[in-house]
Structure formats: C-alpha cells, structure tokens
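Data first, discussion second: the structure below is written as structure tokens.
The values are calculated or read from the model by the stated rules, or taken from the named source; none is laboratory data. Worth saying up front: this structure is predicted, and the values here are computed from it rather than measured. Every residue, glycine among them, receives a Cβ derived from its backbone with ideal geometry; neighbour counts consider all protein chains shown.
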Amino acid sequence: MHELIAASNAVPFEIIAIHNDRHSYFLTTKAWAERLDAARVELARKFSDTVVRSFQLYLWAVANCLYRDADLESYRVVLKKSIGLPSPGTVHQPHSFLLTSFCRRSRHPPP
C-alpha cells in the first residue's frame, strides 16, 4: 500500500479514501462460489467438468483466504485527478475513479 501512496504523490492524483473491503470481497466470492455450486451440473454440460471445477477451486480458495488469512487484504482506493486550474467563479469538477487491489500485508515496515 505504501508504494501506491508514494506513486500518487508523483502524479496529479489525490487519494480521497482508502477502504479495507476484505470482508465484502469474502462475501462476494463466497456467494459466487455457492451460485456456481448450485448450477454445477448445467454448467458442466455447457463448458466441461474441468472448467467448472477450476472456477470452483478458484472461488472457494479466494473466499477461504479472505476469511481466514489475516495477512491478505483487499483495498478499495478512490483517487481524484484535477483537470487544469478552475477559473474564478466556476465549479471545478474532478475526475474520480476506483482502484481495487489485493495485497499481502508486509511483515516488515517500509524503508
């Protein structure tokens, strides 16, 4: 995360918010895995058992890591970029976008 913050200081972007969405991503991937499990037979006919099993393993592994692994974090970062300088008396409309990132929490502090 410290690399992202340092990089945003080198460009005309401003960090508006940082959210730890690990629990939300856990709930999402768990729900996707459950829906895939419920539709397994139909999906296997359409795509193959191997493809369905690959996605099952992936989704359940991600959900499990997000639920159990305190070292795995999922951040949602909102950045804003200003477009030029606002003219006096005008409303300045920044562009905003979201950046989602999964990262392992470092066991060592940044230098």
(request) Could you check how many residues of the stretch 49-78 are hydrophobic (A, V, I, L, M, F, W, C) and more than 20 Å from TYR25 (Cα to Cα)? (result) 2
(message) One residue is enough: does the stretch 13-34 have a residue meeting the conditions touching a helix residue (DSSP H, G or I) at 6+ places or on another chain (Cβ under 8 Å), assigned to a helix (DSSP H, G or I), free of Cβ contacts under 8 Å to residues at least 24 places away in the same chain and surrounded by 14 or more Cβ atoms within 10 Å (Cβ to Cβ)?
(response) no
(message) Within the stretch 45-82, take every residue that is in a loop (DSSP other than H, G, I, E, B) and more than 20 Å from ALA7 (Cβ to Cβ) and give me the one that is modelled with the lowest pLDDT.
(response) ALA70
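Restricting to the stretch 1-12, name every residue that is hydrophobic (A, V, I, L, M, F, W, C) and surrounded by 11 or more Cβ atoms within 10 Å (Cβ to Cβ). Show your work before the answer.
Step one: of the stretch 1-12, the residues hydrophobic (A, V, I, L, M, F, W, C) are 1, 4-7, 10-11.
Within the stretch 1-12, MET1, LEU4, ILE5 qualify.
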